[in-house]
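Here the structure comes first, spelled out in structure tokens, and everything after it is commentary.
The values are calculated or read from the model by the stated rules, or taken from the named source; none is laboratory data. Computed from a predicted structure; not experimentally measured. Cβ: placed from backbone, ideal geometry, glycine included. Neighbour counts: every protein chain shown.
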Amino acid sequence: MKKAKKHEPHEEHIDESWLLPYSDLMTLLLALFITLFSMSSLDAAKFEQMASALSSALNGGAGVLDHTSMNPTEATTDLGKNKQVPEEITKNKSAQITDAQMAQKEQEDLEKLKKQLDQYISKNGLSDQLNTKLNQSELKITISDNALFSSGRADVKPESRSLAKAISNMLQEFPQYEVVVSGHTDNIPISNSQYKDNWDLSADRALNFLKILLLNDALDPAKFTPSGYGEYHPVASNQTNVGRAQNRRVEVSIIRKYQSNNSTVKAVNPAN
């Protein structure tokens, strides 16, 4: 009889349970490197967050995926947001510096124009008929009505056209500014066949003076606006002859684009 072949004792299977934590660790590391690779740049704060997440995962806490997004777009967006803050601050500071420089240039322009006007007024003995005033919103040239018009009329006197020409020649050096020409009257009702009220008279006076200014081809008509206020913007009392004479006037206002208020430069909308 054949002897039954003896079987060797069965070897016990090697314990492979260590592969589970090892594979988990490899998965976490893979997730970490994929996330890092997806980022266009990495700042210190983001690195600390990733390191903290990894440490937590290795110590049995929440995994990397609980702390950082596996979506490359989201990671890049987060970093972009972090970088936008200083960029926006820098842009705002640059804009403020630029506005301040423009405001300074504007102040120099208007002071120069005022000086030229004052010299013209002094040279021609017109101090009782013209004056200038520079404030935070405009450079205003005020012209007495009797320097330009006959009583109750809106046609500029022939001898006064030279005044309009002189002003237009000065304005052409500063073509970037908006100019408003406004007419004003006293409160005594007008009584003639040409005008039914002071409002019409003031509007015609402003328009006629503006048209003479614009005979200078160097001026841009789009920058000029005529306006009639009638008796409704007095600068003095209408109870006296002196006050009424002050109220009858034409004003040429060169409007600022920038104004300073508590050291903050603000753009000015000429339409307001």
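Could you please find all residues in segment 173-204 being aromatic (Phe, Trp, Tyr) and either closer than 14 Å to Tyr229 by Cα or assigned to a helix (DSSP H, G or I) (or both)?
Residues of segment 173-204 aromatic (Phe, Trp, Tyr): 174, 177, 195, 199.
Matches in segment 173-204: Trp199 only.
Pick from segment 145-176 the residues that are hydroxyl-bearing (Ser, Thr, Tyr) and touching a helix residue (DSSP H, G or I) at 6+ places or on another chain (Cβ under 7 Å): which of them is surrounded by the most Cβ atoms within 10 Å (Cβ to Cβ)? Outline the logic, then answer.
Pass one, segment 145-176, residues hydroxyl-bearing (Ser, Thr, Tyr): 150-151, 160, 162, 168.
Pick out the ones that are also touching a helix residue (DSSP H, G or I) at 6+ places or on another chain (Cβ under 7 Å) and you get 160, 168.
Values: Ser160: 18, Ser168: 20.
Selected residue: Ser168.
Of all the residues in segment 237-272, those that are basic (Lys, Arg), assigned to a strand (DSSP E or B) and modelled with pLDDT under 95 number 1.
One line per residue, one yes/no per condition, for (1) outside the structural domain of Ala164 (by TED's automatic domain parsing); (2) touching a residue at least 12 places away in the same chain (Cβ under 8 Å); (3) over 24 Å from the mean Cα position of the chain (by Cα); (4) farther than 24 Å from Ser160 by Cβ:
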position: Ser122; (1), (2), (3), (4): no, no, yes, no
position: Leu126; (1), (2), (3), (4): no, yes, yes, no
position: Leu130; (1), (2), (3), (4): no, yes, yes, no
position: Leu139; (1), (2), (3), (4): no, yes, no, no
position: Thr142; (1), (2), (3), (4): no, yes, yes, no
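Would you confirm whether any residue within segment 116-125 is in a loop (DSSP other than H, G, I, E, B) and more than 14 Å from Arg256 (Cβ to Cβ)? Taking every residue of segment 116-125 in turn, at least one turns out to be in a loop (DSSP other than H, G, I, E, B) and more than 14 Å from Arg256 (Cβ to Cβ). Does Asn208 satisfy the criteria of being crowded, with 19+ Cβ neighbours inside 10 Å and over 27 Å from Leu110 (Cα atoms)? Considered against the rule, which asks whether it is crowded, with 19+ Cβ neighbours inside 10 Å and over 27 Å from Leu110 (Cα atoms), Asn208 comes out as no. Please work out if Asp197 is surrounded by fewer than 16 Cβ atoms within 10 Å (Cβ to Cβ), in contact (Cβ under 8 Å) with a residue 12 or more places away in the chain and charged (D, E, K, R). Criteria met by Asp197.
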